[in-house]
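Let me begin by presenting the structure, written as structure tokens, before commenting on it.
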Amino acid sequence: MSDIWSALRPKLEYLTNPLPLADLLQADGCRVKIAPLLVAELTALADDPTPAQADGYVLHLYVMLLLARWRETAAYRPLARLGHLDETRVDTVFGQLVHGSYGRCLASTCDGDLTPLTTLADDAEASRWSRAAALEAMTLAALEARLPPPPVIDFLEDFGAREADRLRTDPDAGEHFPLLDGIVGHLVDLGAAAALPQIREWFAAGLVDDSYLDLTQLERDILRSPDERLAALNKAGHGLIEDLMPEIELWPIIHHVPPVEMEPIPLGALRQPIVREETKVGRNDPCPCGSGRKYKKCHGAH
């Protein structure tokens, strides 16, 4: 292990507040020396994810984001292997990053082989969040010319047809984060105009959440140029990993909630109704996790 990484590793192992920005900046400047060591860290974790399940452990997340920023293709396969964890372990290992960063890290490290992503997307035993990230990754990688678009579109159309059949057989399956909504969005992002008849059929059958996706808007968006479609993703913050700060700046807020100090309750007030001061999240409201989905189809599904 290089002296640089030996010194930096302990500072990045657990979440701190404030974030170790100077250490991350130093790591970013030592790419050539430490990239192989970071890939080794990620590979070891893919073999045994136990360390990443410790409370506050974030070394692997820093490693993942750094390697994605550097476009290190050696990180692609161990990163994809981590996605095959079950629902509970994926939530423990990735936290909120499984929604916003994991798929983009996969796209950023993609080595041109679609198979690791299709294998993850098709793994019924894996978390649906990581499967959705695999679908997002192949779409973004195709738009960024890291994967050829035709096989990606073919897979998305086939996957969408299978997901639609599943929803027809079990309508309640849509309550637990249906993947078909994402498939529709990805086909639109890829400009797959030939898929429009199938998309319209899914809408007509009520298989797509029309409060989340607007068919008329999608029909316009699918005709945009590749540059326009990619620019829209980047503007929405859904592009390749470029800067670590947008990915990590909310960690201290999310993971370190200060304890609530309550004043003693007068005895006579014990019979009074409890008033909720914070806003209650409705089932049809956006999920507070930032996934962009309704609460009932995101964390509210649990």
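I'd like the residue in the range 1-20 that is in contact with a helix residue (DSSP H, G or I) (Cβ under 8 Å, 6 or more places away or on another chain), open to solvent by 40 Å² or more (accessible area, probe 1.4 Å) and not in a loop (DSSP other than H, G, I, E, B) and, out of all such residues, is nearest to residue 53 (Cα to Cα).
Here the answer is 14.
Only residues that are in a helix (DSSP H, G or I) and open to solvent by 10 Å² or more (accessible area, probe 1.4 Å): list them for the range 79-96, please.
Residues satisfying the conditions are 81, 87, 88, 89, 91, 92.
Please verify whether residue 32 is surrounded by fewer than 15 Cβ atoms within 10 Å (Cβ to Cβ) and more than 19 Å from the chain's Cα centre (by Cα), treating the condition exactly as stated.
Against the criterion (surrounded by fewer than 15 Cβ atoms within 10 Å (Cβ to Cβ) and more than 19 Å from the chain's Cα centre (by Cα)), residue 32 qualifies.
If I ask for residues that are under 19 Å from residue 154 (Cβ atoms) and among the aliphatic types (A, V, I, L, M), which ones from the range 111-131 would you list?
Selection gives 114, 117, 120, 121.
Would it be correct to say that residue 208 is within 19 Å of residue 139 (Cβ to Cβ), modelled with pLDDT under 95, not in a helix (DSSP H, G or I) and not polar (S, T, N, Q)?
Working: within 19 Å of residue 139 (Cβ to Cβ): yes; modelled with pLDDT under 95: yes; not in a helix (DSSP H, G or I): yes; not polar (S, T, N, Q): yes.
Taking the combined requirement at face value, the residue satisfies it.
Output the number of the condition that residue 76 fails; it satisfies all remaining conditions of (1) without any contact (Cβ under 8 Å) to a residue 40 or more places away in the chain; (2) closer than 25 Å to residue 103 by Cβ; (3) touching a helix residue (DSSP H, G or I) at 6+ places or on another chain (Cβ under 9 Å).
Result: residue 76 passes all but (1).
When residue 56 is evaluated against the numbered criteria (1) touching a helix residue (DSSP H, G or I) at 6+ places or on another chain (Cβ under 8 Å); (2) surrounded by 14 or more Cβ atoms within 10 Å (Cβ to Cβ), which criterion, by number, is the only one it fails?
(2)
Name every residue in the range 115-167 that is under 20 Å from residue 71 (Cα atoms), of a type in the set (A, V, I, L, M) and either touching a Cys at 6+ places or on another chain (Cβ under 9 Å) or outside any helix (DSSP H, G or I) (or both), in order of residue number.
Residues satisfying the conditions are 117, 133, 137, 138, 140, 141, 145, 147.
Which condition breaks for residue 172 when tested against (1) of a type in the set (Asp, Glu); (2) under 23 Å from the mean Cα position of the chain (by Cα); (3) open to solvent by 80 Å² or more (accessible area, probe 1.4 Å)?
If we test residue 172 against (1) of a type in the set (Asp, Glu); (2) under 23 Å from the mean Cα position of the chain (by Cα); (3) open to solvent by 80 Å² or more (accessible area, probe 1.4 Å), just (2) comes out false.
Determine whether residue 118 is open to solvent by less than 60 Å² (accessible area, probe 1.4 Å) and more than 22 Å from residue 178 (Cβ to Cβ).
The answer is no for residue 118.
So which of 204, 161 ends up being without any contact (Cβ under 8 Å) to a residue 12 or more places away in the chain and of a type in the set (A, V, I, L, M)?
Just a single option satisfies the conditions, and that option is 204.
Would you mind telling me which numbered condition in (1) of a type outside the set (Lys, Arg); (2) touching a His at 6+ places or on another chain (Cβ under 8 Å); (3) at pLDDT 95 or above; (4) open to solvent by 30 Å² or more (accessible area, probe 1.4 Å) residue 135 fails?
Status for residue 135: all satisfied but (4).
Regarding residue 104, is this residue in a helix (DSSP H, G or I), within 25 Å of residue 123 (Cα to Cα), open to solvent by 20 Å² or more (accessible area, probe 1.4 Å) and modelled with pLDDT of 95 or more?
It is false that residue 104 is in a helix (DSSP H, G or I), within 25 Å of residue 123 (Cα to Cα), open to solvent by 20 Å² or more (accessible area, probe 1.4 Å) and modelled with pLDDT of 95 or more.
The values are calculated or read from the model by the stated rules, or taken from the named source; none is laboratory data. What you see is a predicted model; the values in this text were computed from it and never measured. We place every Cβ from the backbone using ideal geometry, glycine too, and count neighbours over all the protein chains shown. The area values use the complete protein model at the heavy-atom level, side chains included, leaving out ligands, DNA and RNA. Shrake-Rupley method; radii C 1.70, N 1.55, O 1.52, S 1.80 Å.
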